[in-house]
Every structure is written in C-alpha cells, then in structure tokens.
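What follows is a short report on a single structure.
Please treat every number below as a calculation from the coordinates, not as lab data. Since we're looking at a predicted model, the values are computed, not measured. Virtual Cβ from ideal backbone geometry, glycine too; neighbours counted across all protein chains shown.
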Amino acid sequence: MAGLRLTCKPLLLALGISGLLALPAAAEEIAATSKASAQGDARMLDNTSFDFSSCRQALDADRMLLRLHVTQQWDVNSPEAEGHVRLDAFEAKTGTTGTPLYTIEAEGAAGHILADCLFQIDRGLEDLDWWQINDLATGTLLFETMAEPLIFATIDDEQIRSSNAAGFYVPPDDEADKRLADPHVVGLVTLASDGKVVSRFLVTASDPEKAAVLRSYWDERRYLAVIETGKAGALGSATAEEPLSKRPLSLEVSWPVAGLALRLPIGPGGLRIEGASVPQGLEIAPW
C-alpha cells in the first residue's frame with residue numbers, strides 16, 4: 001500500500017475541510033487519517049488522504065479535491081487478504097460538503113494518483129498481478145491489465161504532446177464476456193491517449209493449447225514496453241523528445257517464458273496493424 005504523508009501540522013487536521021482548502025495550491029498531499037488495528041490474528045489498515053487536481057481545467061477555480069480511502073484486512077495465518085479502494089472527486093470550492101463529481105470504487109490493495117491525469121488501482125490482493133487505470137478528469141475506466149500498466153508520452157509533428165497509457169488484459173477462466181472467453185484468445189491490448197481509449201486489439205492464437213499457455217497467470221509473465229521501431233531495447237516512459245515521424249515508436253507486448261514479442265507501431269491516432277511484428281501462430285484484430 002502506498003504510504004500517506006503528513007504534510008500539515010496536527011492542528012490543521014482539527015480545522016476540518018475548510019482548513020484543508022485554505023492550504024496553498026502547492027500542497028501535494030494531506031493525510032487526513034491513518035489507522036492500524038489488530039484483534040487476535042486479524043489486522044486492518046484504514047487510510048484516508050486528500051489531494052488537489054487541475055485535470056479538468058488549468059484554472060484554480062476549476063480544480064478538484066480528491067479524497068482517497070483505502071482499507072486492507074488480513075489474517076496473519078493466511079495468505080489471503082481483502083482490500084477496498086475508493087476515490088471521490090469534489091469541486092474544490094465546495095469540498096466534501098458537496099456532491100461528488102464522480103466516485104471510483106474497486107476491490108484492491110492500493111490507489112495511486114498518477115501524473116497526466118490518471119488514477120491507478122492495484123487490484124491484485126494475493127499472487128495475481130492486476131491493475132486498472134481510470135481517467136482522473138472524469139473517473140472513466142480506461143482499462144484493466146494483467147501486465148504492469150505502461151505510462152508514456154508522445155509528440156506529433158505539430159509539437160502537440162499526448163499522454164498515453166497501455167495495458168494488456170488476460171481473461172480469467174471464468175471470463176463473462178463470451179468474445180474474450182473463446183479458447184483461442186490470448187489477451188486484449190489497449191492504448192488510451194489523453195483520457196480516451198484510442199486503440200484496442202484482440203490477440204489470438206491458432207492453437208488453443210498455445211493460447212492457454214500464454215494466458216496462464218502462474219506459468220507466464222507479460223510485459224509492456226515502448227521501443228524505437230526496428231531497434232532493440234525499451235525506451236522507458238519518457239519518449240516524447242522527438243515527433244513520431246522522426247522517431248517511430250512501437251508498443252511491445254512480450255511473453256518471456258515463451259520467448260515471444262508482439263510489436264504494434266504507434267501513430268498519432270493510436271496503434272496500427274500496418275507494419276506490426278506478429279509472432280508465428282498469433283493473430284491480431286481490431287476489437
């Protein structure tokens with residue numbers, strides 16, 4: 001769970017939300033409460049924090065006040081745990097006395113307010129790696145992913161910068177969506193740009209046994225990376241130094257145990273099939 005930082009004196013906590021709103025705009029994060037309790041072998045953490053966001057508009061009057069509440073419960077004798085994450089967004093001028101602009105809520109271990117107006121929930125509570133990414137301006141769910149989400153920037157020929165988030169969803173055995181429950185499905189690649197989903201591609205295998213191996217949560221891992229098209233090595237998250245026309249980029253999905261890597265070119269409008277590098281036995285199609 002992400003730690004909560006106390007950046008104001010205890011006296012401010014007694015002032016209530018009006019006191020919090022009086023803090024300077026530069027205040028990064030204010031921890032409102034942080035509780036830990038134990039009863040027998042049971043343990044519980046209960047944390048609430050507040051933060052400001054300018055995602056909707058650049059003007060201070062349009063800023064949001066974010067309230068993040070995270071709880072975790074577990075037994076010291078069991079590997080299983082329970083957790084819950086809730087994010088409420090309010091207009092800064094009304095604070096928590098107003099009606100939330102939106103609420104994001106999910107079972108999970110931690111919540112993170114990311115740069116470029118994104119919110120991440122760590123959904124995995126046991127051995128399963130699982131995340132979800134929401135748009136912080138509207139609360140909209142962008143995607144769920146079983147590969148660690150990749151956040152990166154791109155720039156076009158007109159020097160317009162875009163914030164991008166990529167994920168790869170691997171359907172579980174009890175997948176409710178019949179299209180994703182097909183035994184040939186390997187997973188779903190999603191690219192969101194500036195708070196909107198711009199590309200989704202379904203990855204399938206001609207051999208259902210191979211698809212099952214690549215879907216395995218326990219025997220295979222999945223990684224996302226941005227690479228310079230035609231070259232080896234990941235570039236990391238800071239990739240907006242040059243326009244895409246001068247430095248073509250691709251999104252790579254890799255399965256290290258199987259030794260496979262799928263690469264999709266990144267264009268100004270999202271991912272492209274044209275020019276994709278697809279391992280033998282796999283296919284991609286728009287979702």
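A few notes on this one:
- For the stretch 142-287, relative contact order (Cα pairs under 8 Å, six or more residues apart, normalised by length) works out to 23 percent.
- Extension gain, TYR217-GLU241: 0.36 nm per intervening residue step, less the Cα-Cα distance, totals 5.1 nm.
- Estimated dipole of the stretch 33-154 in Debye, rounded to 20 [Cβ of Lys and Arg +1, of Asp and Glu -1, Cα centre]: 580 debye
- Only Lys, Arg (+1) and Asp, Glu (-1) charged, at Cβ; the stretch 142-287 dipole about Cα centre in debye: 220 debye
- Extension gain for GLU158 to GLU209 (0.36 nm times residue separation, less C-alpha to C-alpha distance): 13.7 nm.
- Unit charges on C-beta of K, R, D, E only; dipole of the chain, Debye: 680 debye
- The stretch 170-240: translational diffusion in µm²/s, Stokes-Einstein, Kirkwood Rh over Cα pairs, 20 °C, 1.002 mPa s: 151 µm²/s
- Straight-distance crosslink candidates among lysines, where the alpha carbon sits under 26 Å from LYS231 and sequence neighbours closer than 8 are dropped: LYS246
- Here, the stretch 131-249 is characterised by an Rg to Rh ratio of 1.01, where Rg is the alpha-carbon radius of gyration and Rh the Kirkwood radius.
- Translational diffusion coefficient (Stokes-Einstein; Kirkwood radius from C-alpha pairs) of the chain at 25 °C, 0.890 mPa s, in µm²/s: 118 µm²/s
- Using just its DSSP H runs of length 4 or more, each adding -39500 (n - 2.57), the chain gives a mean residue ellipticity at 222 nm of -1500 deg cm²/dmol after division by all residues.
- Sorting 185-194, 275-284, 149-158 by their mean Cβ neighbour count within 10 Å, with the most densely packed peptide first, gives 185-194, 149-158, 275-284.
- Positive dipole terminus of the chain, leading residue within SER277, ALA36, SER193 (C-beta point charges): SER193
- Semi-axes of the equivalent ellipsoid for the stretch 30-178, Cα gyration tensor, largest first, Å: 29, 23, 12
- Sequence-separation-based contact order of the chain, relative, with Cα cut under 8 Å and 6+ spacing, percent: 10 percent
- Ordering THR145, GLY267, GLN159 by the projection of their Cα atoms onto the charge dipole of the chain, which places +1 on the Cβ of Lys and Arg and -1 on the Cβ of Asp and Glu, puts GLN159 at the extreme positive end.
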